[in-house]
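Shown next, in C-alpha coordinates, is the structure this report addresses.
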Amino acid sequence: SQQGEEDPQALSIQEGENATMNCSYKTSINNLQWYRQNSGRGLVHLILIRSNEREKHSGRLRVTLDTSKKSSSLLITASRAADTASYFCASAFTGGFKTIFGAGTRLFVKA
Amino acid sequence: DTEVTQTPKHLVMGMTNKKSLKCEQHMGHRAMYWYKQKAKKPPELMFVYSYEKLSINESVPSRFSPECPNSSLLNLHLHALQPEDSALYLCASTGVGMGNEQFFGPGTRLTVL
(Lines give C-alpha, C1' and ligand atoms only; values in the text may rest on other atoms or scores of the structure.)
Protein backbone atom coordinates (compact mmCIF):
# COMPACT_ATOMS: atom_id res chain seq x y z
CA SER A 1 0.00 0.00 0.00
CA GLN A 2 1.18 3.52 -0.68
CA GLN A 3 -0.54 4.80 2.42
CA GLY A 4 1.51 6.22 5.19
CA GLU A 5 0.90 4.95 8.64
CA GLU A 6 -0.35 6.90 11.60
CA ASP A 7 -0.35 6.11 15.23
CA PRO A 8 -2.15 5.87 17.40
CA GLN A 9 -5.23 4.77 15.48
CA ALA A 10 -7.38 6.25 18.22
CA LEU A 11 -6.61 8.56 21.11
CA SER A 12 -8.87 9.52 24.01
CA ILE A 13 -7.86 12.38 26.31
CA GLN A 14 -9.37 14.87 28.73
CA GLU A 15 -9.94 18.49 27.84
CA GLY A 16 -6.85 20.55 28.55
CA GLU A 17 -4.43 17.72 27.86
CA ASN A 18 -2.08 17.63 24.90
CA ALA A 19 -2.59 15.21 22.00
CA THR A 20 0.27 13.88 19.90
CA MET A 21 -0.22 12.01 16.64
CA ASN A 22 2.53 10.47 14.54
CA CYS A 23 2.77 9.81 10.84
CA SER A 24 5.24 7.89 8.72
CA TYR A 25 5.56 7.92 4.96
CA LYS A 26 7.39 5.83 2.43
CA THR A 27 9.03 7.92 -0.29
CA SER A 28 10.67 11.32 -0.67
CA ILE A 29 8.25 14.18 -0.37
CA ASN A 30 7.93 17.81 -1.34
CA ASN A 31 5.91 18.62 1.74
CA LEU A 32 3.67 17.03 4.33
CA GLN A 33 0.29 18.30 5.36
CA TRP A 34 -2.12 17.66 8.20
CA TYR A 35 -5.87 17.69 7.77
CA ARG A 36 -8.79 17.39 10.11
CA GLN A 37 -12.11 15.71 9.34
CA ASN A 38 -15.25 15.86 11.40
CA SER A 39 -17.44 12.82 11.10
CA GLY A 40 -18.51 12.15 7.51
CA ARG A 41 -17.61 15.62 6.28
CA GLY A 42 -14.96 17.25 4.11
CA LEU A 43 -11.38 17.64 5.21
CA VAL A 44 -9.98 20.91 6.49
CA HIS A 45 -6.34 21.80 5.88
CA LEU A 46 -4.52 22.54 9.16
CA ILE A 47 -0.87 23.05 8.40
CA LEU A 48 1.78 22.35 5.75
CA ILE A 49 5.45 21.71 6.45
CA ARG A 50 7.96 21.68 3.62
CA SER A 51 10.68 19.07 3.28
CA ASN A 52 13.38 21.60 4.24
CA GLU A 53 11.56 22.62 7.45
CA ARG A 54 11.83 20.81 10.76
CA GLU A 55 9.14 22.44 12.86
CA LYS A 56 6.14 24.65 12.33
CA HIS A 57 3.56 26.25 14.60
CA SER A 58 0.04 27.48 14.04
CA GLY A 59 -1.97 28.50 17.08
CA ARG A 60 -2.27 25.42 19.31
CA LEU A 61 -0.75 23.18 16.63
CA ARG A 62 2.88 22.18 16.40
CA VAL A 63 4.16 19.99 13.59
CA THR A 64 7.59 18.43 13.28
CA LEU A 65 9.16 16.70 10.31
CA ASP A 66 12.09 14.29 10.31
CA THR A 67 12.93 13.46 6.71
CA SER A 68 15.70 11.04 7.74
CA LYS A 69 13.11 8.92 9.54
CA LYS A 70 10.33 9.75 7.07
CA SER A 71 8.09 10.76 9.92
CA SER A 72 6.07 13.68 11.21
CA SER A 73 4.16 14.47 14.36
CA LEU A 74 1.23 16.74 15.13
CA LEU A 75 0.86 18.13 18.64
CA ILE A 76 -2.38 19.78 19.71
CA THR A 77 -1.91 21.63 22.97
CA ALA A 78 -4.60 22.41 25.55
CA SER A 79 -7.14 20.28 23.72
CA ARG A 80 -10.83 21.14 23.64
CA ALA A 81 -13.91 18.98 23.13
CA ALA A 82 -14.29 20.68 19.74
CA ASP A 83 -10.97 19.13 18.66
CA THR A 84 -12.70 15.74 18.52
CA ALA A 85 -12.22 14.61 14.92
CA SER A 86 -10.08 12.41 12.70
CA TYR A 87 -6.66 13.74 11.81
CA PHE A 88 -4.81 12.72 8.65
CA CYS A 89 -1.33 13.38 7.41
CA ALA A 90 -0.87 13.69 3.66
CA SER A 91 2.41 13.46 1.82
CA ALA A 92 2.82 15.44 -1.39
CA PHE A 93 5.38 14.33 -3.91
CA THR A 94 7.83 16.41 -5.86
CA GLY A 95 6.88 17.37 -9.39
CA GLY A 96 3.21 16.60 -9.35
CA PHE A 97 -0.13 16.82 -7.64
CA LYS A 98 -0.24 13.38 -6.14
CA THR A 99 -1.04 13.34 -2.42
CA ILE A 100 -1.19 10.19 -0.32
CA PHE A 101 -3.09 10.20 2.95
CA GLY A 102 -2.07 8.31 6.05
CA ALA A 103 -4.46 5.98 7.82
CA GLY A 104 -5.56 8.66 10.28
CA THR A 105 -5.90 9.08 14.03
CA ARG A 106 -9.31 9.40 15.63
CA LEU A 107 -9.08 11.84 18.52
CA PHE A 108 -11.70 11.97 21.28
CA VAL A 109 -11.48 14.84 23.71
CA LYS A 110 -13.70 14.39 26.74
CA ALA A 111 -15.15 17.46 28.38
CA ASP B 1 -15.05 32.78 -2.48
CA THR B 2 -12.92 30.16 -0.69
CA GLU B 3 -15.34 27.29 -0.97
CA VAL B 4 -15.57 24.05 -2.88
CA THR B 5 -19.16 22.98 -3.41
CA GLN B 6 -20.40 19.51 -4.25
CA THR B 7 -23.80 18.31 -5.39
CA PRO B 8 -25.73 16.32 -4.52
CA LYS B 9 -25.04 15.83 -0.80
CA HIS B 10 -26.57 12.38 -0.87
CA LEU B 11 -27.21 10.01 -3.77
CA VAL B 12 -28.84 6.60 -3.85
CA MET B 13 -28.64 4.71 -7.11
CA GLY B 14 -29.23 1.27 -8.50
CA MET B 15 -26.55 -0.71 -10.25
CA THR B 16 -28.05 0.04 -13.67
CA ASN B 17 -28.41 3.78 -13.16
CA LYS B 18 -26.32 6.55 -14.64
CA LYS B 19 -25.69 9.53 -12.42
CA SER B 20 -23.19 12.36 -12.08
CA LEU B 21 -21.48 14.06 -9.17
CA LYS B 22 -20.61 17.72 -9.53
CA CYS B 23 -17.92 19.87 -7.97
CA GLU B 24 -17.33 23.60 -8.34
CA GLN B 25 -14.76 26.09 -7.11
CA HIS B 26 -14.20 29.76 -7.90
CA MET B 27 -10.81 30.23 -6.29
CA GLY B 28 -8.94 30.14 -9.60
CA HIS B 29 -7.38 26.80 -8.68
CA ARG B 30 -6.08 24.92 -11.69
CA ALA B 31 -5.82 21.46 -10.12
CA MET B 32 -8.89 19.51 -9.04
CA TYR B 33 -9.15 16.09 -7.44
CA TRP B 34 -11.61 13.28 -6.87
CA TYR B 35 -11.19 11.06 -3.80
CA LYS B 36 -13.15 8.09 -2.56
CA GLN B 37 -13.44 7.54 1.19
CA LYS B 38 -14.87 4.50 2.93
CA ALA B 39 -15.93 4.65 6.55
CA LYS B 40 -13.04 4.98 9.03
CA LYS B 41 -10.52 4.97 6.17
CA PRO B 42 -8.43 7.76 4.64
CA PRO B 43 -9.35 9.37 1.33
CA GLU B 44 -8.07 7.42 -1.67
CA LEU B 45 -7.01 9.42 -4.68
CA MET B 46 -8.98 8.61 -7.84
CA PHE B 47 -8.26 11.34 -10.39
CA VAL B 48 -6.40 14.61 -10.70
CA TYR B 49 -7.03 17.26 -13.34
CA SER B 50 -4.42 19.90 -13.97
CA TYR B 51 -5.32 22.79 -16.27
CA GLU B 52 -8.42 20.87 -17.33
CA LYS B 53 -6.38 17.87 -18.44
CA LEU B 54 -6.41 14.51 -16.72
CA SER B 55 -2.99 14.13 -15.15
CA ILE B 56 -3.51 11.27 -12.71
CA ASN B 57 -5.80 8.25 -12.94
CA GLU B 58 -5.16 5.85 -10.08
CA SER B 59 -6.28 2.77 -12.02
CA VAL B 60 -9.91 3.54 -11.33
CA PRO B 61 -12.49 1.23 -12.97
CA SER B 62 -14.07 2.61 -16.13
CA ARG B 63 -17.50 2.73 -14.48
CA PHE B 64 -16.17 6.00 -13.01
CA SER B 65 -15.63 8.63 -15.71
CA PRO B 66 -14.28 12.06 -14.79
CA GLU B 67 -14.82 15.21 -16.78
CA CYS B 68 -13.47 18.73 -16.40
CA PRO B 69 -15.58 21.03 -18.63
CA ASN B 70 -13.75 24.17 -17.50
CA SER B 71 -11.37 25.40 -14.83
CA SER B 72 -14.13 25.77 -12.23
CA LEU B 73 -16.06 22.56 -12.71
CA LEU B 74 -15.33 18.89 -12.19
CA ASN B 75 -17.78 16.08 -12.79
CA LEU B 76 -17.70 12.39 -11.99
CA HIS B 77 -19.99 10.30 -14.16
CA LEU B 78 -21.16 7.04 -12.66
CA HIS B 79 -22.48 4.03 -14.55
CA ALA B 80 -23.07 0.41 -13.65
CA LEU B 81 -21.70 0.81 -10.14
CA GLN B 82 -21.41 -1.97 -7.60
CA PRO B 83 -22.57 -1.91 -3.96
CA GLU B 84 -18.92 -1.79 -2.87
CA ASP B 85 -18.65 1.59 -4.59
CA SER B 86 -20.82 3.05 -1.84
CA ALA B 87 -18.66 5.67 -0.13
CA LEU B 88 -18.13 9.37 0.48
CA TYR B 89 -16.81 11.02 -2.70
CA LEU B 90 -14.74 14.09 -2.03
CA CYS B 91 -13.69 16.79 -4.43
CA ALA B 92 -10.72 19.04 -3.73
CA SER B 93 -8.84 21.80 -5.48
CA THR B 94 -5.46 23.43 -5.14
CA GLY B 95 -3.66 26.33 -6.70
CA VAL B 96 -0.47 25.74 -8.65
CA GLY B 97 2.47 26.60 -6.46
CA MET B 98 0.49 26.10 -3.26
CA GLY B 99 2.33 22.94 -2.37
CA ASN B 100 -0.74 20.77 -2.86
CA GLU B 101 -2.61 22.41 0.03
CA GLN B 102 -6.06 21.24 -0.87
CA PHE B 103 -9.46 22.75 -0.26
CA PHE B 104 -12.09 20.07 0.12
CA GLY B 105 -15.77 20.07 -0.57
CA PRO B 106 -18.22 18.53 1.91
CA GLY B 107 -18.54 15.37 -0.18
CA THR B 108 -21.33 13.34 -1.74
CA ARG B 109 -22.52 10.33 0.23
CA LEU B 110 -23.20 7.66 -2.40
CA THR B 111 -25.16 4.50 -1.75
CA VAL B 112 -25.38 1.87 -4.47
CA LEU B 113 -28.22 -0.61 -4.05
Extreme residue, farthest from the other protein chains (Cβ to nearest Cβ), among residues of region A:18-49 that are surrounded by fewer than 14 Cβ atoms within 10 Å (Cβ to Cβ) and not β-branched (V, I, T): A:N18
How many residues does region B:38-68 hold that are charged (D, E, K, R) and touching a Cys at 6+ places or on another chain (Cβ under 6 Å)? 1
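Please verify whether B:E52 is modelled with pLDDT under 95 and in contact with a Ser or Thr (Cβ under 7 Å, 6 or more places away or on another chain), treating the condition exactly as stated. Spell out how you get there, then give the answer.
On the way: modelled with pLDDT under 95: yes; in contact with a Ser or Thr (Cβ under 7 Å, 6 or more places away or on another chain): yes.
So B:E52 fits the description; yes.
Do we find that B:L76 is more than 14 Å from chain A (Cβ to nearest Cβ), surrounded by 16 or more Cβ atoms within 10 Å (Cβ to Cβ) and in contact (Cβ under 8 Å) with a residue 24 or more places away in the chain in this structure? Step through it out loud before you land on a result.
Details: more than 14 Å from chain A (Cβ to nearest Cβ): yes; surrounded by 16 or more Cβ atoms within 10 Å (Cβ to Cβ): yes; in contact (Cβ under 8 Å) with a residue 24 or more places away in the chain: yes.
When the stated conditions are applied, B:L76 passes them.
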Please work out if A:F101 is within 8 Å of another protein chain (Cβ to nearest Cβ) and at pLDDT 95 or above. no
Residue within region B:30-37 that is touching a residue at least 24 places away in the same chain (Cβ under 8 Å), surrounded by fewer than 19 Cβ atoms within 10 Å (Cβ to Cβ), more than 8 Å from chain A (Cβ to nearest Cβ) and on the phi < 0 side of the Ramachandran plot present: yes
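Against the definition (among the polar types (S, T, N, Q), in contact with a His (Cβ under 6 Å, 6 or more places away or on another chain) and farther than 17 Å from A:K98 by Cα), how does B:S93 come out, yes or no? It would help to see each step written out before you state the result.
Values: among the polar types (S, T, N, Q): yes; in contact with a His (Cβ under 6 Å, 6 or more places away or on another chain): yes; farther than 17 Å from A:K98 by Cα: no.
It is false that B:S93 is among the polar types (S, T, N, Q), in contact with a His (Cβ under 6 Å, 6 or more places away or on another chain) and farther than 17 Å from A:K98 by Cα.
Only one of these is small (G, A, S), part of a strand (DSSP E or B), under 30 Å from B:Q6 (Cα atoms) and within 9 Å of another protein chain (Cβ to nearest Cβ): A:S91, A:S86. Name it.
Working: A:S91 fails: within 9 Å of another protein chain (Cβ to nearest Cβ).
Answer to the check: A:S86.
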From the list A:K69, A:K56, which one is of a type in the set (D, E, K, R), in a strand (DSSP E or B), more than 9 Å from chain B (Cβ to nearest Cβ) and over 11 Å from the mean Cα position of the chain (by Cα)? A:K56
Examine region A:74-81 for a residue that is without any contact (Cβ under 8 Å) to a residue 24 or more places away in the chain and farther than 15 Å from A:Q37 by Cα, and state whether such a residue exists. no
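Quick check: is even one residue across region B:70-85 in contact with a helix residue (DSSP H, G or I) (Cβ under 6 Å, 6 or more places away or on another chain) and part of a strand (DSSP E or B)?
Going residue by residue through region B:70-85, those that are in contact with a helix residue (DSSP H, G or I) (Cβ under 6 Å, 6 or more places away or on another chain) are none.
No - not one qualifying residue is present in region B:70-85.
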Residues that are in contact with a Cys (Cβ under 7 Å, 6 or more places away or on another chain) and not in a strand (DSSP E or B): does region B:3-26 have at least one? no
Within region B:31-56, considering residues that are in a strand (DSSP E or B) and over 25 Å from A:R36 (Cα atoms), the one nearest to the chain's Cα centre (by Cα): B:L54
Given the conditions (1) away from chain A (no Cβ under 14 Å); (2) among the small types (G, A, S); (3) exposed (fewer than 14 other Cβ atoms within 10 Å of the Cβ), which single one is not true for B:S65? (3)
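The values are calculated or read from the model by the stated rules, or taken from the named source; none is laboratory data. These figures come from a predicted structure and were not determined experimentally. Positions of Cβ are backbone-derived with ideal geometry, glycine not excepted, and every protein chain shown enters the neighbour counts.
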